[in-house]
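The values are calculated or read from the model by the stated rules, or taken from the named source; none is laboratory data. Because the structure is a prediction, the values reported are computed rather than measured. Glycine gets a Cβ as well: all are built from the backbone with ideal geometry, and neighbour counts include every protein chain shown. In case anyone asks, the SASA skips ligands and DNA or RNA and just uses the protein heavy atoms, side chains included. Shrake-Rupley method; radii C 1.70, N 1.55, O 1.52, S 1.80 Å.
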Amino acid sequence: MGFLFFLFLLTLSAVNGDEDAFIGVNIGTDMTDMPHPTQIVALLKAQQIRHVRLYDADRGMLLALANSGIRVAVSIPNDQLIGVGQSNSTAANWVAQNVVSHYPATNITTVCVGSEVPSSLPNAGRVLVTALRYVHSALVASGLEKRVKVSTPLASSIILDSFPPSQAFFNHTWKPVLVPVLEFLQSTGSFFMINVYPYYEYMQSNGVIPLDYALFNPLSAAKEAVDSNTLLHYTNVFDAMVDAAYFAMADLNFTNVPVVVSESGWPSKGDQNELDATLENANTYNSNLIKHVINKTGTPKYPGIPVSTYIYELYNEDTKPGPVSEKNWGLFDSTGKPVYILHLTGSGSVLANDTTRETYCVAKEGADGKMLQAALDWACGPGKVVCSPLMQGGPCYQPDTVGAHATYAFNAYYQSAGKAAGSCDFNGVATVTTTNPSHGSCLIGSTLDPFNESPNDAETKLLMWQRGEKRYVYERHSSGGGFESNLGSRPHAAAPGELQTHLCITSIGCSLRVELKSVVVASSSMEKPIYLFFFLSFFGR
(Lines give C-alpha, C1' and ligand atoms only; values in the text may rest on other atoms or scores of the structure.)
Protein backbone atom coordinates (compact mmCIF):
# COMPACT_ATOMS: atom_id res chain seq x y z
CA MET A 1 0.00 0.00 0.00
CA GLY A 2 2.84 2.36 0.86
CA PHE A 3 4.51 1.73 -2.50
CA LEU A 4 1.24 2.30 -4.36
CA PHE A 5 0.74 5.60 -2.55
CA PHE A 6 4.28 6.68 -3.47
CA LEU A 7 3.63 5.70 -7.10
CA PHE A 8 0.42 7.71 -7.02
CA LEU A 9 2.31 10.76 -5.72
CA LEU A 10 4.81 10.46 -8.58
CA THR A 11 1.96 10.23 -11.09
CA LEU A 12 0.20 13.22 -9.58
CA SER A 13 3.43 15.23 -9.76
CA ALA A 14 3.87 14.30 -13.41
CA VAL A 15 0.34 15.42 -14.24
CA ASN A 16 0.40 18.69 -12.32
CA GLY A 17 4.05 19.61 -12.78
CA ASP A 18 5.08 22.18 -10.19
CA GLU A 19 1.53 23.44 -9.79
CA ASP A 20 -0.61 22.78 -6.74
CA ALA A 21 -4.17 21.60 -7.11
CA PHE A 22 -6.38 24.41 -8.33
CA ILE A 23 -9.86 25.86 -8.27
CA GLY A 24 -11.21 26.68 -11.71
CA VAL A 25 -14.60 27.53 -13.16
CA ASN A 26 -16.79 26.21 -15.94
CA ILE A 27 -18.14 28.78 -18.40
CA GLY A 28 -21.52 27.90 -19.87
CA THR A 29 -23.18 29.79 -22.71
CA ASP A 30 -26.95 29.20 -22.32
CA MET A 31 -27.63 32.86 -21.61
CA THR A 32 -29.86 35.55 -23.08
CA ASP A 33 -27.15 38.19 -22.77
CA MET A 34 -23.85 36.38 -23.05
CA PRO A 35 -21.01 38.74 -22.04
CA HIS A 36 -18.40 39.52 -24.66
CA PRO A 37 -15.27 37.33 -24.34
CA THR A 38 -13.19 40.34 -23.28
CA GLN A 39 -15.65 41.05 -20.48
CA ILE A 40 -15.46 37.44 -19.36
CA VAL A 41 -11.67 37.56 -19.28
CA ALA A 42 -11.77 40.86 -17.39
CA LEU A 43 -13.97 39.21 -14.75
CA LEU A 44 -11.67 36.19 -14.56
CA LYS A 45 -8.68 38.45 -14.02
CA ALA A 46 -10.47 40.55 -11.41
CA GLN A 47 -11.33 37.36 -9.52
CA GLN A 48 -7.83 35.94 -10.05
CA ILE A 49 -9.31 32.81 -11.61
CA ARG A 50 -6.41 31.04 -13.30
CA HIS A 51 -8.19 27.96 -14.68
CA VAL A 52 -11.28 27.72 -16.85
CA ARG A 53 -13.11 24.96 -18.66
CA LEU A 54 -15.00 25.77 -21.84
CA TYR A 55 -17.75 23.54 -23.19
CA ASP A 56 -16.49 24.15 -26.71
CA ALA A 57 -13.49 25.81 -28.33
CA ASP A 58 -15.03 29.17 -29.17
CA ARG A 59 -12.52 31.17 -31.19
CA GLY A 60 -13.54 34.50 -29.66
CA MET A 61 -12.97 33.18 -26.14
CA LEU A 62 -9.64 31.62 -27.06
CA LEU A 63 -8.44 34.87 -28.61
CA ALA A 64 -9.60 36.88 -25.57
CA LEU A 65 -7.77 34.45 -23.27
CA ALA A 66 -4.52 34.88 -25.20
CA ASN A 67 -1.62 36.20 -23.12
CA SER A 68 -3.80 36.23 -20.01
CA GLY A 69 -1.90 33.43 -18.27
CA ILE A 70 -5.20 31.67 -17.63
CA ARG A 71 -5.03 27.91 -18.16
CA VAL A 72 -7.76 26.66 -20.44
CA ALA A 73 -9.54 23.34 -20.88
CA VAL A 74 -11.29 23.25 -24.26
CA SER A 75 -13.96 20.74 -25.18
CA ILE A 76 -15.15 18.73 -28.15
CA PRO A 77 -18.95 18.95 -27.76
CA ASN A 78 -20.97 15.76 -27.92
CA ASP A 79 -22.46 16.75 -31.26
CA GLN A 80 -18.94 16.71 -32.77
CA LEU A 81 -17.77 13.56 -30.99
CA ILE A 82 -18.82 11.00 -33.57
CA GLY A 83 -17.13 12.91 -36.39
CA VAL A 84 -13.88 13.18 -34.45
CA GLY A 85 -14.05 9.56 -33.28
CA GLN A 86 -14.65 8.14 -36.75
CA SER A 87 -11.98 10.07 -38.63
CA ASN A 88 -8.36 10.60 -37.74
CA SER A 89 -8.18 13.50 -40.19
CA THR A 90 -11.25 15.17 -38.63
CA ALA A 91 -9.58 14.91 -35.22
CA ALA A 92 -6.34 16.32 -36.63
CA ASN A 93 -8.20 19.23 -38.20
CA TRP A 94 -10.02 19.92 -34.95
CA VAL A 95 -6.75 20.00 -33.00
CA ALA A 96 -5.07 22.18 -35.62
CA GLN A 97 -7.89 24.71 -35.64
CA ASN A 98 -8.76 24.80 -31.95
CA VAL A 99 -5.49 24.04 -30.16
CA VAL A 100 -2.40 24.44 -32.33
CA SER A 101 -3.52 27.73 -33.90
CA HIS A 102 -3.96 29.31 -30.46
CA TYR A 103 -1.12 27.73 -28.50
CA PRO A 104 1.01 28.97 -26.74
CA ALA A 105 -0.50 32.48 -26.61
CA THR A 106 -3.61 30.87 -25.18
CA ASN A 107 -2.45 28.46 -22.51
CA ILE A 108 -4.53 25.42 -23.46
CA THR A 109 -3.75 22.60 -21.03
CA THR A 110 -6.56 20.10 -21.60
CA VAL A 111 -8.85 18.80 -24.30
CA CYS A 112 -12.08 17.40 -22.88
CA VAL A 113 -13.49 14.89 -25.36
CA GLY A 114 -17.26 14.91 -24.98
CA SER A 115 -19.16 15.33 -21.73
CA GLU A 116 -20.77 12.53 -19.71
CA VAL A 117 -20.79 10.41 -22.87
CA PRO A 118 -21.81 7.02 -21.37
CA SER A 119 -24.91 8.51 -19.76
CA SER A 120 -25.85 11.09 -22.40
CA LEU A 121 -24.74 9.29 -25.60
CA PRO A 122 -24.79 5.60 -24.68
CA ASN A 123 -24.33 4.49 -28.30
CA ALA A 124 -21.16 6.53 -28.70
CA GLY A 125 -19.12 4.73 -26.04
CA ARG A 126 -16.69 2.99 -28.37
CA VAL A 127 -16.37 6.10 -30.53
CA LEU A 128 -15.25 7.94 -27.38
CA VAL A 129 -12.22 5.68 -27.02
CA THR A 130 -11.08 6.23 -30.61
CA ALA A 131 -11.75 9.97 -30.31
CA LEU A 132 -9.42 10.16 -27.30
CA ARG A 133 -6.72 8.33 -29.24
CA TYR A 134 -7.12 10.37 -32.42
CA VAL A 135 -6.95 13.67 -30.55
CA HIS A 136 -3.87 12.56 -28.66
CA SER A 137 -2.21 11.42 -31.90
CA ALA A 138 -2.85 14.85 -33.39
CA LEU A 139 -1.22 16.46 -30.35
CA VAL A 140 1.76 14.12 -30.69
CA ALA A 141 2.12 15.13 -34.33
CA SER A 142 2.13 18.77 -33.23
CA GLY A 143 4.61 18.15 -30.41
CA LEU A 144 2.10 19.21 -27.74
CA GLU A 145 1.29 15.88 -26.08
CA LYS A 146 3.35 16.70 -22.98
CA ARG A 147 1.74 20.11 -22.55
CA VAL A 148 -1.88 19.35 -23.40
CA LYS A 149 -3.65 16.42 -21.73
CA VAL A 150 -6.66 14.61 -23.14
CA SER A 151 -9.49 13.28 -20.98
CA THR A 152 -13.27 12.96 -20.88
CA PRO A 153 -15.54 14.24 -18.08
CA LEU A 154 -17.83 11.50 -16.75
CA ALA A 155 -20.95 11.57 -14.59
CA SER A 156 -20.65 10.15 -11.09
CA SER A 157 -23.72 8.00 -11.86
CA ILE A 158 -21.45 5.50 -13.65
CA ILE A 159 -20.19 4.55 -10.17
CA LEU A 160 -22.46 2.12 -8.34
CA ASP A 161 -22.67 1.38 -4.61
CA SER A 162 -20.67 4.52 -3.86
CA PHE A 163 -20.91 4.23 -0.08
CA PRO A 164 -18.97 3.00 1.62
CA PRO A 165 -16.41 4.23 -0.91
CA SER A 166 -14.31 1.08 -0.59
CA GLN A 167 -17.17 -0.93 -2.13
CA ALA A 168 -17.64 1.37 -5.12
CA PHE A 169 -17.42 -0.07 -8.63
CA PHE A 170 -18.22 1.10 -12.13
CA ASN A 171 -21.43 0.05 -13.83
CA HIS A 172 -20.38 -3.20 -15.50
CA THR A 173 -22.35 -2.24 -18.58
CA TRP A 174 -19.67 0.35 -19.28
CA LYS A 175 -16.66 -1.83 -18.49
CA PRO A 176 -15.83 -2.39 -22.20
CA VAL A 177 -15.57 1.39 -22.56
CA LEU A 178 -14.09 2.40 -19.22
CA VAL A 179 -11.21 -0.07 -19.25
CA PRO A 180 -9.72 1.25 -22.53
CA VAL A 181 -10.45 4.82 -21.39
CA LEU A 182 -8.52 4.22 -18.16
CA GLU A 183 -5.72 2.50 -20.08
CA PHE A 184 -5.50 5.57 -22.29
CA LEU A 185 -5.43 7.97 -19.31
CA GLN A 186 -2.76 5.90 -17.57
CA SER A 187 -0.53 5.52 -20.64
CA THR A 188 -0.68 9.23 -21.52
CA GLY A 189 -0.22 10.51 -17.97
CA SER A 190 -3.64 12.12 -17.96
CA PHE A 191 -6.35 12.29 -15.29
CA PHE A 192 -9.79 10.87 -14.62
CA MET A 193 -12.37 13.66 -14.87
CA ILE A 194 -15.62 13.25 -12.98
CA ASN A 195 -18.56 15.52 -12.19
CA VAL A 196 -19.24 15.51 -8.44
CA TYR A 197 -22.57 16.89 -7.23
CA PRO A 198 -23.29 16.40 -3.53
CA TYR A 199 -26.48 18.45 -4.12
CA TYR A 200 -28.01 15.65 -6.19
CA GLU A 201 -26.78 12.97 -3.79
CA TYR A 202 -28.46 14.85 -0.96
CA MET A 203 -31.69 15.44 -2.89
CA GLN A 204 -31.96 11.79 -3.92
CA SER A 205 -31.18 10.37 -0.48
CA ASN A 206 -34.67 11.00 0.91
CA GLY A 207 -33.27 12.47 4.10
CA VAL A 208 -30.58 9.86 4.69
CA ILE A 209 -27.77 12.31 3.94
CA PRO A 210 -27.72 15.26 6.39
CA LEU A 211 -27.55 18.71 4.80
CA ASP A 212 -24.47 19.65 6.83
CA TYR A 213 -22.70 16.53 5.52
CA ALA A 214 -23.42 17.66 1.95
CA LEU A 215 -22.32 21.26 2.59
CA PHE A 216 -18.93 20.55 4.23
CA ASN A 217 -20.27 21.97 7.50
CA PRO A 218 -18.50 20.72 10.66
CA LEU A 219 -19.86 17.48 12.09
CA SER A 220 -19.42 15.91 15.47
CA ALA A 221 -17.43 12.68 15.47
CA ALA A 222 -20.61 10.74 16.11
CA LYS A 223 -22.15 12.05 12.88
CA GLU A 224 -19.19 11.33 10.63
CA ALA A 225 -19.69 8.57 8.10
CA VAL A 226 -17.35 5.63 8.58
CA ASP A 227 -16.29 3.18 5.89
CA SER A 228 -16.62 -0.14 7.68
CA ASN A 229 -14.01 -1.79 5.45
CA THR A 230 -11.25 0.80 5.74
CA LEU A 231 -12.40 2.55 8.96
CA LEU A 232 -11.84 5.85 7.16
CA HIS A 233 -13.98 8.71 8.50
CA TYR A 234 -15.83 10.93 6.02
CA THR A 235 -16.96 14.41 7.01
CA ASN A 236 -18.49 15.40 3.68
CA VAL A 237 -20.13 13.91 0.59
CA PHE A 238 -17.54 15.39 -1.80
CA ASP A 239 -14.65 13.41 -0.32
CA ALA A 240 -16.71 10.23 -0.26
CA MET A 241 -17.59 10.62 -3.95
CA VAL A 242 -13.99 11.33 -4.95
CA ASP A 243 -12.70 8.34 -3.00
CA ALA A 244 -15.45 6.21 -4.54
CA ALA A 245 -13.93 7.09 -7.92
CA TYR A 246 -10.49 6.03 -6.71
CA PHE A 247 -11.82 2.74 -5.34
CA ALA A 248 -13.84 2.08 -8.51
CA MET A 249 -10.69 2.52 -10.59
CA ALA A 250 -8.79 0.25 -8.22
CA ASP A 251 -11.52 -2.38 -8.74
CA LEU A 252 -10.40 -2.42 -12.38
CA ASN A 253 -6.70 -2.48 -11.32
CA PHE A 254 -5.97 1.18 -12.04
CA THR A 255 -4.34 2.74 -9.00
CA ASN A 256 -2.24 5.60 -10.33
CA VAL A 257 -4.67 7.77 -12.32
CA PRO A 258 -5.34 11.07 -10.49
CA VAL A 259 -8.87 12.46 -10.20
CA VAL A 260 -9.84 15.94 -11.38
CA VAL A 261 -13.36 17.11 -10.54
CA SER A 262 -14.64 18.64 -13.77
CA GLU A 263 -17.86 20.01 -12.25
CA SER A 264 -19.11 20.66 -8.74
CA GLY A 265 -21.37 23.27 -7.24
CA TRP A 266 -24.72 24.05 -5.64
CA PRO A 267 -27.73 25.93 -7.10
CA SER A 268 -28.76 29.21 -5.47
CA LYS A 269 -32.43 28.96 -6.45
CA GLY A 270 -34.85 26.16 -7.22
CA ASP A 271 -38.45 25.09 -7.74
CA GLN A 272 -40.91 24.57 -4.91
CA ASN A 273 -39.65 21.01 -4.47
CA GLU A 274 -36.02 22.18 -4.32
CA LEU A 275 -36.13 23.87 -0.96
CA ASP A 276 -32.43 23.55 -0.29
CA ALA A 277 -31.40 25.30 -3.48
CA THR A 278 -30.81 28.61 -1.71
CA LEU A 279 -28.33 31.46 -1.77
CA GLU A 280 -27.02 30.57 1.67
CA ASN A 281 -26.51 26.89 0.85
CA ALA A 282 -24.86 27.67 -2.48
CA ASN A 283 -22.56 30.13 -0.75
CA THR A 284 -21.76 27.68 2.03
CA TYR A 285 -21.01 24.79 -0.32
CA ASN A 286 -18.83 26.68 -2.78
CA SER A 287 -17.00 28.62 -0.07
CA ASN A 288 -16.22 25.41 1.81
CA LEU A 289 -15.28 23.60 -1.39
CA ILE A 290 -12.79 26.29 -2.35
CA LYS A 291 -11.20 26.26 1.09
CA HIS A 292 -11.14 22.46 1.07
CA VAL A 293 -9.12 22.41 -2.16
CA ILE A 294 -6.88 25.41 -1.48
CA ASN A 295 -6.03 24.20 2.03
CA LYS A 296 -4.80 20.89 0.54
CA THR A 297 -7.03 18.85 2.79
CA GLY A 298 -7.20 15.90 0.43
CA THR A 299 -9.53 12.97 0.99
CA PRO A 300 -9.49 10.27 3.67
CA LYS A 301 -7.98 7.82 1.14
CA TYR A 302 -5.33 10.33 0.05
CA PRO A 303 -4.95 12.92 2.84
CA GLY A 304 -2.96 16.00 1.89
CA ILE A 305 -3.46 15.33 -1.82
CA PRO A 306 -6.01 17.96 -2.89
CA VAL A 307 -8.25 17.38 -5.87
CA SER A 308 -8.25 20.07 -8.54
CA THR A 309 -11.85 21.18 -9.09
CA TYR A 310 -13.79 23.27 -11.60
CA ILE A 311 -16.75 25.00 -9.98
CA TYR A 312 -20.00 24.80 -11.86
CA GLU A 313 -20.28 27.58 -12.90
CA LEU A 314 -19.17 31.16 -13.60
CA TYR A 315 -22.52 32.58 -14.77
CA ASN A 316 -26.18 31.75 -14.24
CA GLU A 317 -27.55 30.32 -17.49
CA ASP A 318 -31.07 31.70 -17.79
CA THR A 319 -31.95 29.87 -21.01
CA LYS A 320 -30.89 26.43 -19.85
CA PRO A 321 -33.78 23.95 -20.06
CA GLY A 322 -35.07 22.11 -17.02
CA PRO A 323 -36.09 23.13 -13.50
CA VAL A 324 -35.29 26.51 -12.00
CA SER A 325 -32.19 25.11 -10.31
CA GLU A 326 -30.63 24.37 -13.71
CA LYS A 327 -30.54 28.09 -14.42
CA ASN A 328 -29.01 29.11 -11.10
CA TRP A 329 -25.65 27.46 -10.51
CA GLY A 330 -23.62 30.55 -11.33
CA LEU A 331 -21.39 32.64 -9.12
CA PHE A 332 -22.25 35.75 -11.18
CA ASP A 333 -25.09 37.04 -13.29
CA SER A 334 -24.55 38.06 -16.92
CA THR A 335 -23.51 41.60 -15.89
CA GLY A 336 -20.69 40.30 -13.70
CA LYS A 337 -22.54 41.02 -10.46
CA PRO A 338 -21.98 38.31 -7.84
CA VAL A 339 -25.03 36.21 -7.02
CA TYR A 340 -23.64 36.02 -3.48
CA ILE A 341 -20.41 36.98 -1.74
CA LEU A 342 -18.32 33.91 -1.00
CA HIS A 343 -17.12 33.37 2.58
CA LEU A 344 -13.42 33.05 1.86
CA THR A 345 -11.66 34.97 4.61
CA GLY A 346 -8.14 33.67 5.02
CA SER A 347 -8.30 31.52 1.89
CA GLY A 348 -6.32 33.68 -0.49
CA SER A 349 -7.64 35.89 -3.25
CA VAL A 350 -8.92 33.39 -5.81
CA LEU A 351 -12.64 33.84 -6.34
CA ALA A 352 -12.96 36.30 -3.46
CA ASN A 353 -15.90 37.61 -5.44
CA ASP A 354 -16.72 40.68 -3.37
CA THR A 355 -16.84 42.83 -6.45
CA THR A 356 -18.11 45.73 -4.37
CA ARG A 357 -14.41 46.36 -3.90
CA GLU A 358 -14.04 46.57 -7.67
CA THR A 359 -15.81 49.82 -8.45
CA TYR A 360 -15.91 51.78 -11.68
CA CYS A 361 -16.94 55.28 -12.69
CA VAL A 362 -19.34 55.51 -15.64
CA ALA A 363 -21.41 58.12 -17.43
CA LYS A 364 -24.93 58.39 -16.06
CA GLU A 365 -27.70 57.16 -18.31
CA GLY A 366 -29.70 60.08 -19.70
CA ALA A 367 -27.05 62.64 -18.80
CA ASP A 368 -27.00 65.83 -20.88
CA GLY A 369 -24.81 65.34 -23.95
CA LYS A 370 -23.20 68.76 -23.76
CA MET A 371 -22.32 68.28 -20.11
CA LEU A 372 -20.86 64.86 -20.89
CA GLN A 373 -18.78 66.38 -23.68
CA ALA A 374 -17.50 69.12 -21.41
CA ALA A 375 -16.60 66.57 -18.74
CA LEU A 376 -14.91 64.37 -21.33
CA ASP A 377 -12.89 67.35 -22.60
CA TRP A 378 -11.79 68.11 -19.07
CA ALA A 379 -10.85 64.51 -18.25
CA CYS A 380 -8.81 64.17 -21.45
CA GLY A 381 -7.18 67.56 -20.90
CA PRO A 382 -6.60 69.03 -17.45
CA GLY A 383 -7.72 65.74 -15.91
CA LYS A 384 -4.56 64.09 -17.29
CA VAL A 385 -6.32 60.98 -18.63
CA VAL A 386 -4.56 59.20 -21.49
CA CYS A 387 -7.43 59.00 -23.98
CA SER A 388 -5.59 57.60 -26.99
CA PRO A 389 -7.60 54.30 -26.89
CA LEU A 390 -10.62 56.43 -27.87
CA MET A 391 -9.18 57.47 -31.20
CA GLN A 392 -10.56 55.98 -34.41
CA GLY A 393 -9.21 52.47 -34.76
CA GLY A 394 -8.42 52.30 -31.04
CA PRO A 395 -9.78 49.53 -28.81
CA CYS A 396 -12.31 51.85 -27.15
CA TYR A 397 -13.36 53.94 -30.15
CA GLN A 398 -16.54 51.95 -30.70
CA PRO A 399 -19.25 52.74 -29.93
CA ASP A 400 -18.43 56.27 -31.06
CA THR A 401 -20.73 58.00 -28.60
CA VAL A 402 -19.98 60.67 -26.08
CA GLY A 403 -21.41 58.47 -23.32
CA ALA A 404 -19.18 55.48 -24.09
CA HIS A 405 -16.08 57.67 -24.49
CA ALA A 406 -16.92 59.55 -21.31
CA THR A 407 -17.21 56.29 -19.38
CA TYR A 408 -13.69 55.32 -20.40
CA ALA A 409 -12.26 58.71 -19.45
CA PHE A 410 -14.27 59.02 -16.23
CA ASN A 411 -13.18 55.62 -15.01
CA ALA A 412 -9.54 56.25 -15.90
CA TYR A 413 -9.57 59.45 -13.89
CA TYR A 414 -11.43 57.78 -11.01
CA GLN A 415 -8.92 54.93 -10.83
CA SER A 416 -5.91 57.27 -11.08
CA ALA A 417 -7.34 59.29 -8.20
CA GLY A 418 -7.43 56.16 -6.07
CA LYS A 419 -11.25 56.15 -6.12
CA ALA A 420 -11.16 59.17 -3.83
CA ALA A 421 -14.41 60.77 -2.74
CA GLY A 422 -15.65 63.19 -5.37
CA SER A 423 -13.48 61.76 -8.14
CA CYS A 424 -16.51 60.26 -9.86
CA ASP A 425 -18.86 63.21 -10.13
CA PHE A 426 -17.97 65.34 -13.14
CA ASN A 427 -20.64 67.92 -12.37
CA GLY A 428 -23.23 65.26 -11.74
CA VAL A 429 -22.95 63.31 -15.01
CA ALA A 430 -20.99 60.34 -13.59
CA THR A 431 -21.79 57.60 -11.10
CA VAL A 432 -20.01 54.72 -9.37
CA THR A 433 -20.95 51.15 -10.27
CA THR A 434 -19.74 47.64 -9.43
CA THR A 435 -20.44 46.46 -12.97
CA ASN A 436 -17.36 46.38 -15.17
CA PRO A 437 -18.17 48.58 -18.21
CA SER A 438 -15.78 46.72 -20.52
CA HIS A 439 -17.24 46.01 -23.92
CA GLY A 440 -16.00 44.44 -27.11
CA SER A 441 -12.28 45.04 -27.45
CA CYS A 442 -12.35 47.77 -24.80
CA LEU A 443 -11.09 46.45 -21.48
CA ILE A 444 -11.90 48.83 -18.65
CA GLY A 445 -10.52 47.83 -15.30
CA SER A 446 -9.15 49.00 -12.01
CA THR A 447 -5.62 49.60 -13.29
CA LEU A 448 -4.76 52.46 -15.56
CA ASP A 449 -3.51 52.93 -19.08
CA PRO A 450 -2.52 49.45 -20.28
CA PHE A 451 -1.75 51.11 -23.63
CA ASN A 452 1.29 53.07 -22.39
CA GLU A 453 4.56 52.53 -24.15
CA SER A 454 7.99 52.36 -22.59
CA PRO A 455 9.74 55.66 -21.91
CA ASN A 456 12.13 56.94 -24.52
CA ASP A 457 15.02 58.98 -23.22
CA ALA A 458 15.76 60.63 -26.57
CA GLU A 459 12.31 61.93 -27.38
CA THR A 460 8.86 62.36 -26.05
CA LYS A 461 6.08 60.69 -27.99
CA LEU A 462 2.75 62.37 -28.08
CA LEU A 463 -0.40 61.28 -29.74
CA MET A 464 -2.92 63.61 -31.29
CA TRP A 465 -6.48 62.54 -31.91
CA GLN A 466 -9.65 64.31 -32.91
CA ARG A 467 -13.23 64.28 -31.74
CA GLY A 468 -15.27 66.66 -33.88
CA GLU A 469 -13.22 69.86 -34.14
CA LYS A 470 -11.37 69.19 -30.89
CA ARG A 471 -7.85 67.85 -31.05
CA TYR A 472 -5.86 66.67 -28.11
CA VAL A 473 -2.25 65.80 -27.49
CA TYR A 474 -1.32 63.22 -24.91
CA GLU A 475 2.09 62.25 -23.80
CA ARG A 476 2.60 58.52 -23.33
CA HIS A 477 5.79 58.77 -21.25
CA SER A 478 8.58 61.27 -20.76
CA SER A 479 11.90 61.04 -19.01
CA GLY A 480 11.38 64.62 -17.95
CA GLY A 481 7.94 64.20 -16.33
CA GLY A 482 4.36 63.93 -17.50
CA PHE A 483 2.90 66.47 -19.90
CA GLU A 484 -0.57 66.48 -21.39
CA SER A 485 -2.42 69.38 -22.91
CA ASN A 486 -5.57 70.25 -24.79
CA LEU A 487 -4.57 72.01 -28.00
CA GLY A 488 -8.02 73.52 -28.28
CA SER A 489 -9.99 73.97 -31.47
CA ARG A 490 -7.86 73.59 -34.62
CA PRO A 491 -10.09 72.70 -37.59
CA HIS A 492 -7.31 72.33 -40.16
CA ALA A 493 -4.97 69.37 -40.51
CA ALA A 494 -1.23 69.70 -40.34
CA ALA A 495 0.78 68.84 -43.41
CA PRO A 496 3.46 66.16 -43.21
CA GLY A 497 6.76 67.68 -42.23
CA GLU A 498 5.18 71.02 -41.33
CA LEU A 499 6.98 72.87 -38.58
CA GLN A 500 4.38 73.59 -35.92
CA THR A 501 6.16 76.34 -34.04
CA HIS A 502 2.87 77.96 -33.01
CA LEU A 503 1.87 75.11 -30.68
CA CYS A 504 2.25 75.79 -27.00
CA ILE A 505 2.23 73.07 -24.35
CA THR A 506 1.89 73.82 -20.69
CA SER A 507 3.01 71.24 -18.18
CA ILE A 508 0.77 69.67 -15.61
CA GLY A 509 0.47 71.95 -12.62
CA CYS A 510 2.25 74.70 -14.59
CA SER A 511 5.44 74.12 -12.66
CA LEU A 512 7.43 74.00 -15.89
CA ARG A 513 7.20 75.69 -19.26
CA VAL A 514 7.97 73.65 -22.37
CA GLU A 515 9.45 75.34 -25.42
CA LEU A 516 8.68 73.46 -28.61
CA LYS A 517 11.83 73.32 -30.74
CA SER A 518 10.62 71.20 -33.66
CA VAL A 519 7.80 68.88 -34.61
CA VAL A 520 7.57 66.33 -37.38
CA VAL A 521 4.03 65.27 -38.29
CA ALA A 522 4.07 61.59 -39.15
CA SER A 523 0.61 61.51 -40.72
CA SER A 524 -1.84 64.15 -41.86
CA SER A 525 -4.93 61.93 -41.95
CA MET A 526 -7.22 62.77 -39.07
CA GLU A 527 -8.79 59.34 -39.50
CA LYS A 528 -5.62 57.82 -38.08
CA PRO A 529 -3.36 58.69 -35.14
CA ILE A 530 -0.92 61.53 -35.70
CA TYR A 531 2.37 60.81 -33.98
CA LEU A 532 4.41 63.87 -33.14
CA PHE A 533 8.07 63.66 -32.24
CA PHE A 534 9.27 66.47 -30.02
CA PHE A 535 12.61 67.71 -28.85
CA LEU A 536 11.91 69.60 -25.68
CA SER A 537 13.72 72.20 -23.65
CA PHE A 538 12.74 72.77 -20.05
CA PHE A 539 12.82 76.07 -18.23
CA GLY A 540 12.08 76.89 -14.65
CA ARG A 541 8.90 78.77 -14.02
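Can you find, within the range 93-140, the residue that is nearest to the chain's Cα centre (by Cα) among those that are small (Gly, Ala, Ser) and surrounded by fewer than 16 Cβ atoms within 10 Å (Cβ to Cβ)? Across the range 93-140, the extreme among qualifying residues is Ala105. Selection of the range 255-281 for residues being β-branched (Val, Ile, Thr) and either outside the structural domain of Ala73 (by the TED database) or touching a helix residue (DSSP H, G or I) at 6+ places or on another chain (Cβ under 8 Å) (or both) yields Thr255, Val257, Val259, Val261. Is it the case that the range 251-263 has a residue that's of a type in the set (S, T, N, Q) and under 27 Å from Ile49 (Cβ atoms)? Scanning the range 251-263 turns up at least one residue that is of a type in the set (S, T, N, Q) and under 27 Å from Ile49 (Cβ atoms). So, Ala222, is that one part of a helix (DSSP H, G or I) and in contact with a helix residue (DSSP H, G or I) (Cβ under 9 Å, 6 or more places away or on another chain) or not? It is false that Ala222 is part of a helix (DSSP H, G or I) and in contact with a helix residue (DSSP H, G or I) (Cβ under 9 Å, 6 or more places away or on another chain). Close contacts from the range 118-132, counting a first residue that is in contact (Cβ under 8 Å) with a residue 60 or more places away in the chain and a second that is surrounded by fewer than 17 Cβ atoms within 10 Å (Cβ to Cβ), with Cβ to Cβ under 6 Å and a gap of 6+ residues or different chains, come to none at all. For the range 294-301, the condition of being outside any loop (DSSP other than H, G, I, E, B), under 22 Å from the mean Cα position of the chain (by Cα) and within 22 Å of Asn26 (Cβ to Cβ) holds for at least one residue.
Could you grab me the full set of residues in the range 24-40 that are open to solvent by less than 10 Å² (accessible area, probe 1.4 Å) and in a helix (DSSP H, G or I)? Residue satisfying the conditions is Ile40 alone.
Each residue in the range 41-75 was checked for being part of a strand (DSSP E or B) and open to solvent by 20 Å² or more (accessible area, probe 1.4 Å), and 1 pass. In the range 364-379 there is no residue matching the filter, namely being more than 15 Å from Ala430 (Cβ to Cβ), under 32 Å from the mean Cα position of the chain (by Cα), modelled with pLDDT of 90 or more and surrounded by 18 or more Cβ atoms within 10 Å (Cβ to Cβ). Consider the range 302-329 and keep the residues that are touching a strand residue (DSSP E or B) at 6+ places or on another chain (Cβ under 7 Å) and in a loop (DSSP other than H, G, I, E, B). The one that is farthest from Pro35 (Cα to Cα) is Gly304.
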